[in-house]
Amino acid sequence: MTTRRKIVLIGSAHPLRGGLATFNERLIREYRNMGDDASIYTFSLQYPSLLFPGKTQYSSEAAPADIPIFVKVNSINPINWIKVGLELRKQKHDLVIVKFWIPFMAPCFGTICRIIKSNKHSRIITIIDNLIPHEKRIGDRLLSGYWINSVDGCVAMSRSVLTDLESFDPLKPKQYCPHPLYDNFGDPISKSEALERLKLDPAYKYMLFFGFIRDYKGLDLLLEAFADIRLRNMKLKLLVAGEFYCDPAPYMELIKQHHLEDQVIMSNDFIPDSKVLNYFCASDLVVQPYKSATQSGVTQIAYHFNKPMIITDVGGLAEFVPDGKVGYLVKPEPSEIASAINRFYMEKKETEFSSNAADEKMKYSWGTMINAIDNLLG
C-alpha cells in the first residue's frame, strides 16, 4: 500500500483567478484523488495593484470545495516570507511544489523555500513555465538564479525551458514534462448549442483567439492576417476572448484600418471557467499567433475540446502541435497565418484534425506530471 504523503503547493489559487490558479488547483486535486494529504498556500497579495495589468486579480466563482486552500503569502513583504517559511518548516511536508512563471516571485518563493529546507525533511520541486520572461527586465537572470538555487529539482514544461535551465545550473536535477490537459472546463457541447449560448449567427464560421492579450501573443499579426482578401471572401468571423493586459488602442486601430468591425467579435472581459467551453465549442479553429512563447495552457484547453490549431513556430509551441496532423505550424507573419487559415477551410480539415487531436491529447495526463515530479525525488 502506498504511503500517504503530506504535500503543499505554494502559488496561485482561489480566490485568485487565471491559468496559474487553474493549473495549481487541478494538480493538487490529482494528488488528493491519489490519496495524498495535499493542500495549497496561496497569495493574500500576489501583485501590487500598480503592477497588475488587468481589471481584477480575483475570481467571481465559488472556491473549490475539494481542496484545502490557505490564503497566506504576501509576495512583497519579507516579514511575511519568514513567517510563512517558519510555519511550513514546522509542518514538515514530504513534498513542496512551487509553480514558477516570473522572476518577480523569486525573492518571495526563494526565501520561503530556503527556510522550509532547513527542516532537513521537505523536498522542493518547481514546475517552470518560464525562466526568462517574454517581456524581459533588468535583473531577471539574477532573480531566476536565486530561485533555482533554492530547490531540489525542476520540471520544465517545454524543451526550450529545459535548455534555459542548463545555463543556470547544469547539475540541478531536471526533467521535461509537457503541460497536462486542462480537463476541468466541462464536457464539450455541440457547436450549435455553443453558438446559441454566445448569441452568434450560425450562418458564419468562427475561429478563436483566447486568453489574456499581451503584445507578445501576436493578436496584431492575426488581425493583419484576417484582412487577407482570401479570408474576407469567406463567411468567417474571429472571436477574440480575453482581457487586455496591454494597451488595446493599437489593436482597435488595426480593426478600424482594415474595416474588420463586422468580422471581429471582441469579448474582452475575463472569461470565467464556467464559460470557457462556450468559446471553444463554438469555434472551428484555435489560432495562437505568438511572437514568443515557451508553452501555452491555451493549447491544452484546445486539446480538451478536440479543436484544431494554428500556431506559430516560436519557443516550445511546436512541441505540442504536430504540423499537418492536428493543425498547422507557421512563421509569425500575417501572410503565413492567413495562408494556413485559408488552407484549413478550403481543404475542409476540421473533422480530420479534430479526430487527430482526440488521439494526440492522450499523452498529456496529470499522472504524467506527477510521475515527472516523483522521478526527481528519486
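Each reported figure results from applying straightforward, stated rules to the coordinates on display, with no laboratory input. All of these numbers come straight from a predicted model, not from anything done at the bench. Counting neighbours? That spans all protein chains shown, and the Cβs are built from the backbone with ideal geometry, glycine included.
So if I average 1/r over every pair of distinct C-alpha atoms in the stretch 191-363 and take the inverse, what Kirkwood radius in Å does that give?
Details: mean 1/r = 0.0629 Å⁻¹.
Taking every pair of different Cα atoms in the stretch 191-363, averaging 1/r and inverting gives 15.9 Å.
Taking amide H positions as placed in the peptide plane 1.01 Å from N, state which residues far from G315 in sequence (5 or more) or on other chains have amide H under 5 Å from it.
Close amide H contacts, sequence-distant or interchain: A293.
Which of the trypsin sites (Lys or Arg not before Pro) across the stretch 193-234 are loop residues per DSSP, with 14 or fewer other Cβ within 10 Å? The partial results should precede the final answer.
Values: sites: R197, K199, K205, R214, K217, R230, R232; in loops: K199, R214.
The qualifying sites are K199.
If you average 1/r over every pair of different alpha-carbon atoms in the stretch 6-176 and take one over that average, what Kirkwood value in Å do you get? Before the final figure, lay out each step's value.
Numbers: mean 1/r = 0.0614 Å⁻¹.
Result for the stretch 6-176, one decimal place: 16.3 Å.
Alpha carbon centre of the stretch 125-153 versus the stretch 201-265: separation in Å?
33
Given a cut-off of under 8 Å on Cα pairs at least six residues apart, what relative contact order in percent is computed for the stretch 173-280?
On the way: 116 pairs, mean separation 37.4, N = 108.
Averaging sequence separation for qualifying contacts and normalising by length gives 35 percent for the stretch 173-280.
For the chain, go through all pairs of different Cα atoms, get the mean of 1/r, take its inverse, and jot down that Kirkwood value in Å. All intermediate terms of the calculation are to be shown ahead of the outcome.
Details: mean 1/r = 0.0463 Å⁻¹.
This gives a value of 21.6 Å.
Taking 35 Å as R0, compute the FRET efficiency from the Cβ-Cβ separation of E261 and R137 and round it to 0.05. Numbers along the way, then the final one.
Details: r = 36 Å, r/R0 = 1.02.
Rounded to the nearest 0.05, the efficiency is 0.45.
Ignoring everything except DSSP H segments at least 4 long, calculate the 222 nm mean residue ellipticity for the chain; use -39,500 (n - 2.57) per segment, divide by total residues, nearest 500. Each step should come with its number before you reach the end.
Numbers: 14 runs with 142 residues, N = 378.
About -11000 deg cm²/dmol.
Working out 0.36 nm times the residue gap between I189 and N77, then minus their Cα-Cα distance, what length gain in nm do you get to one decimal? Show your work: numbers first, answer last.
On the way: separation 112, 0.36 × 112 = 40.32 nm, distance 4.48 nm.
Net length gain for the segment: 35.8 nm.
Where the centroid of each part is defined by its Cα atoms, how far is the stretch 317-378 from the stretch 274-314 in Å?
9
In percent, how large is the relative contact order of the stretch 6-176, given Cα pairs closer than 8 Å and 6 or more residues apart?
On the way: 307 pairs, mean separation 31.9, N = 171.
This gives 19 percent for the stretch 6-176.
Please report, in debye to the nearest 20, how large the charge dipole of the chain is about its Cα centre when each Lys and Arg carries +1 at its beta carbon and each Asp and Glu carries -1 there. Before the final figure, lay out each step's value.
Working: 45 positive and 43 negative charges, 242 e Å.
Using only the charged Cβ atoms, the result is roughly 1160 debye.
Ignoring solvent entirely, what values of log10 I(q)/I(0) come out of the Debye formula for the stretch 329-378 at 0.13, 0.29, 0.31, 0.32 Å⁻¹ when each Cα is a single scatterer?
At q = 0.13, 0.29, 0.31, 0.32 Å⁻¹ the computed log10 ratios are -0.56, -1.01, -1.04, -1.06.
What are the residues whose amide H is under 5 Å from the amide H of K72, where those residues sit 5 or more places off or on another chain and H is modelled from the backbone?
T42, F43, S44
May I ask for log10 I(q)/I(0) of the stretch 115-230 at q = 0.12, 0.17 Å⁻¹, from a Debye sum over the Cα atoms as equal point scatterers with solvent left out?
Results for the stretch 115-230 at q = 0.12, 0.17 Å⁻¹ read -0.72, -1.00.
Using Cα-Cα distances under 8 Å and only pairs 6 or more residues apart, what relative contact order does the chain have, in percent?
Value for the chain: 14 percent.
Can you tell me how the stretch 222-316 classifies by the Cα gyration tensor, rounded, prolate or oblate, using a/c under 1.5 as the rounded cut?
Details: a/c = 1.36, a/b = 1.35, b/c = 1.01.
Here the stretch 222-316 falls in the rounded category.
Taking amide H positions as placed 1.01 Å from N in the peptide plane, with prolines and chain starts having none, which residues 5 or more places from A38, or on another chain, fall under 5 Å of its amide H?
I7
Any idea which of Q288, M207, M346 is furthest toward the positive side of the dipole for the stretch 191-363, if Lys and Arg beta-carbons carry +1 and Asp and Glu beta-carbons -1?
M346
Summing Lys, Arg as +1 and Asp, Glu as -1, what charge do residues with Cβ under 15 Å from the Cβ of Y206 carry, Y206 excluded? Intermediate results must be reported in sequence, preceding the final value.
On the way: positive: K191, R197, K199, K205, K235, K237, K307; negative: E193, E196, D201, D262, D284, E350.
Net charge around Y206: +1.
Tell me, what HN-Hα J-couplings in whole Hz come from the Karplus equation 6.51 cos²θ - 1.76 cosθ + 1.60 at θ = phi - 60° for each residue of the stretch 259-270, using x for Gly and Pro?
Values, residue by residue: 6, 9, 4, 8, 9, 10, 10, 8, 10, 9, 8, 4 Hz.
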